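Each value in this text was obtained by applying a stated rule to the coordinates, not by laboratory testing. Predicted, not measured: the structure shown is a model, and the values here were computed from it. So basically every Cβ, Gly included, is an ideal-geometry build from the backbone, and we count neighbours across all protein chains shown.
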């Protein structure tokens, strides 16, 4: 029996990709692998906008709750994990659906990155001694693409290291792979981000951050991105809750734009609005529709 194709669904944050992926999975007998550098962490449920427990109960989800917030998890780790899950899902006769906004995670799987040795400790020390501005200049000079979270020094250093150890990647996507992307007009996306922010705080975002901060501290990589540093500033009395909410919307909007910039580099993505993407996938996966 021919292996089911790998469906890759890409889009920026708050674009509706989770709901669409579940919808498609129900129609074609699929299982979802989340390609998100935030949802890998256990306990970070509200702040990372993980699929809800109800959504996870509807369709099997993978790529969630893999490690604790104080554990290291690399792109190479994700690639290995995703490949294993794709094989397992196909063995069950189901369609693997890789869904995400973390471009590097997606590309590592789709273009089959070959990772070299682990980071050079001495070189990392030298990079850590550089200021963010110096690192930006280094990236510009050496043609290193800035990561999504480019204000986080650790992410910039990792991008520099990855550039040197990703010794090989395919020019075209792996075989038996369908890649689609969701287009959303700016105003709609901005509104969705604002609504999601309101929901996030209504669901107990601040309380979640407090529990995580007390348990793991605020210095781990998992705690230095997304909403958590803003909550930390709120706990320290340096920002009001209203300021945190406003700043988070701005940050998420910038993240969405960076994600789109990354994804647009891939000429192999079929782009369309939510309904178009669904129709396109069903026409390929289930022609009787």
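Sorting 130, 205 on the 10 Å Cβ count, fewest up front, what's the list?
Placing the least packed residue first, the sequence is 130, 205.
Nearest 5 percent is fine: what portion of the DSSP beta bridges confined to the chain is antiparallel?
10
If we count other beta carbons within 10 Å of each Cβ, what is the order of 275, 74, 102, fewest first?
Exposure proxy ranking, most exposed first: 275, 74, 102.
Below 8 Å, C-alpha to C-alpha, sequence gap of six or more: please give me the relative contact order for the chain in percent. Could you put the intermediate results ahead of the total?
Working: 387 pairs, mean separation 81.2, N = 289.
After rounding, I find 28 percent.
For a quick check, take a GNM of the chain with Cα springs below 10 Å and name the residue from 213, 101, 63 with the largest mean-square fluctuation.
Residue with maximal mean-square fluctuation among 213, 101, 63: 213.
Between residue 265 and residue 54, what FRET efficiency comes out of the Förster formula 1/(1 + (r/R0)^6) with R0 = 45 Å and r the beta carbon distance, rounded to 0.05?
After rounding, the FRET efficiency stands at 0.85.
Cα gyration tensor of the range 210-265, axes a ≥ b ≥ c as square roots of the eigenvalues: rounded (a/c below 1.5), prolate (a/b > b/c) or oblate?
Cα axes put the range 210-265 in the oblate bin.
How far apart, in nanometres, would the label points at residue 141 and residue 203 be if each is projected 7 angstrom from Cα along the Cα-to-Cβ direction?
4.4
Please give the length that would be gained between residue 171 and residue 241 if that part of the chain were fully extended, namely 0.36 nm times their separation in residues minus their C-alpha to C-alpha distance (nm, one decimal).
Difference between extended and current length: 20.6 nm.
Within 10 Å of each residue's Cβ, count the other Cβ atoms and sort 258, 196, 72 from fewest upward. Intermediate results must be reported in sequence, preceding the final value.
Numbers: 258 19, 196 15, 72 9.
Least crowded to most crowded, the residues run 72, 196, 258.
Defining a contact as two alpha carbons under 8 Å apart and six or more residues distant in sequence, what relative contact order in percent does the range 147-289 show?
36
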